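Worksheet: the structure to be examined is printed underneath.
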Amino acid sequence: MSADPAGRRLRPLLPYLLIAPALLALLVVLGYPLVDMVTLAFQDMTRKELFSGTAPPWAGLGQFRAILGDGFFWTVTARTALFTLVCVTLTMVLGLLTALLMRLVSPWVRAVLAGILVAVWAMPVMVAAAIFRWLFDADYGVVNWLLSTLPGLDLARHNWFTDPLQGFAVITAVVVWGALPFAAISLHAALAQIPPELEEAALIDGARPSQVFRYVTFPAIKPLFVMVTTLMSIWDFGVFNQIWLMRGGQPEREYYLLGVYSFIESFAVNRYSAGAAIALVTVVLLLAGAVLYLRQMLRLGEVE
């Protein structure tokens, strides 16, 4: 009965004490670079200040006025948003179809599918990009060879990256290929938690399979579906490696997304402060996505 009074007073603080080391690590690892980037975005650093070590002059909002007044910045932003929309839509649709397929197959086939998905998930981006570069190579690509076997289609020595639309289709395939396992396995885990009695009762009541999915299955997995969709949106909005690797480290301006644009401005053009300002705007847009994600999760929690 008699618990230690001091222990009872400290008990409400226990969750905060347990999470404190993780928060401290995040502040150390992410806090300093973020503060340094924000400071740099409000300065005008050139190679002279970089190599001499002198403090760069203060530029205030000059960098932001310059990039926000540049039409190419808005072109890249719109391209990034469209690229994100296409990648997330394809990932979630294919992920949901794969998860539904895993429910229908036998346990050993499901285990094989899960193993393949995990292997794809574990594959480094550099390896996946190298494989796709070989598949779509203009001289030795398997895709060109296969498509050229179709009647009336000749894709010999066809370069997919000459046309940015076709090039982005290949890059989208790389991004979706890498993200599909996470979506499929997560959604399959959610589907496995649905009691079979719910769907069986709906079928006995005369519901068609499409109605069972719409009114029983999908509402049950909706919270996780929303969470995965939001996370995919945040990840795909910041895609950098796939474009950089697929274009051999020298992406053309037609292939710029916000992450690539910021890197090029900072380390290729040596406009360090402009690159930091673009990165800061990207972070703000990603934070907006994170806030939307938290609001959706809170709203779903209130509904449940």
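The values are calculated or read from the model by the stated rules, or taken from the named source; none is laboratory data. These numbers come from a predicted model, not from an experiment. Here the Cβ positions follow ideal geometry from the backbone for every residue, glycine too, while neighbour counts run over all protein chains shown. These area figures cover heavy atoms from the full protein model, side chains too; ligands, DNA and RNA do not enter into them. Shrake-Rupley method; radii C 1.70, N 1.55, O 1.52, S 1.80 Å.
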If I take every Cα pair under 8 Å that is 6 or more residues apart in region 103-215, average their sequence separation and divide by the length, what percent do I get for the relative contact order? 24 percent
Quick one: with all protein chains in place, what share of the accessible area of region 8-81 is carbon or sulfur, to the nearest percent (1.4 Å probe)? 73 percent
From the P(r) of region 64-212, can you give the percent of Cα pairs sitting at distances over 17 Å? 74 percent
Using a Förster radius of 41 Å, what is the FRET efficiency between A114 and D36 based on their Cβ-Cβ separation? Nearest 0.05, please. 0.45
Output wanted: per-residue J couplings in Hz (rounded whole) for region 257-271, from phi through Karplus 6.51 cos²θ - 1.76 cosθ + 1.60, θ = phi - 60°, x for Gly and Pro. 10, 4, x, 5, 4, 5, 5, 4, 4, 7, 10, 10, 8, 6, 9
What part of the accessible area of region 179-304, given as a whole %, is carbon or sulfur when the probe is 1.4 angstrom? 63 percent
Want the number for L90 to D205: 0.36 nm per residue separation, take away the alpha-carbon distance, what's left? 38.1 nm
Expressed per residue, the solvent accessible area of the chain in Å² (1.4 Å probe) is about 61 Å²
Collect residues whose amide H, placed 1.01 Å from N in the peptide plane, falls under 5 Å from the amide H of Q43; neighbours closer than 5 in sequence don't count. A59
Amide H proximity to V239 below 5 Å, modelled H, separation 5+ or other chain, gives none
Ordering 116-123, 15-22 by per-residue average of other C-beta atoms within 10 angstrom, highest first, gives 116-123, 15-22
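Rounded, prolate or oblate, given the Cα gyration tensor of the chain, with a/c below 1.5 counting as rounded?
Note, shape of the chain comes out oblate.
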For V142 and L298, calculate 0.36 nm times their separation in residues minus their Cα-Cα distance, and state this gained length in nm to one decimal. 51.4 nm
Compute, for the chain, the length of the dipole vector about the Cα centre, with Cβ point charges of +1 (Lys, Arg) and -1 (Asp, Glu) only. Units Debye, rounded to 20. 460 debye
Mean residue ellipticity (222 nm) of the chain, computed from DSSP H runs ≥ 4 via -39,500 (n - 2.57), nearest 500: -23000 deg cm²/dmol
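Per residue, how big is the convex hull around the C-alpha atoms of region 172-300? Give it to me in cubic angstrom, could you?
Taking the convex hull of the Cα positions in region 172-300, it is 116 Å³ per residue.
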Log entry: pair-distance distribution for region 1-113, C-alpha pairs binned every 10 Å from zero, whole % per bin is 10, 15, 17, 21, 18, 15, 4, 0
Added length on full extension, which subtracts the Cα-Cα distance from 0.36 nm per residue, A66 to V283: 76.3 nm
Got a sec to turn the phi values of region 79-92 into Karplus ³J(HN,Hα) couplings, 6.51 cos²θ - 1.76 cosθ + 1.60 with θ = phi - 60°, whole Hz, x for Gly and Pro? 5, 5, 5, 5, 4, 5, 4, 5, 5, 5, 4, 5, 4, 6
With a Förster radius of 41 Å, plug the Cβ-Cβ distance of S52 and V226 into 1/(1 + (r/R0)^6) and report the FRET value to the nearest 0.05. 0.20
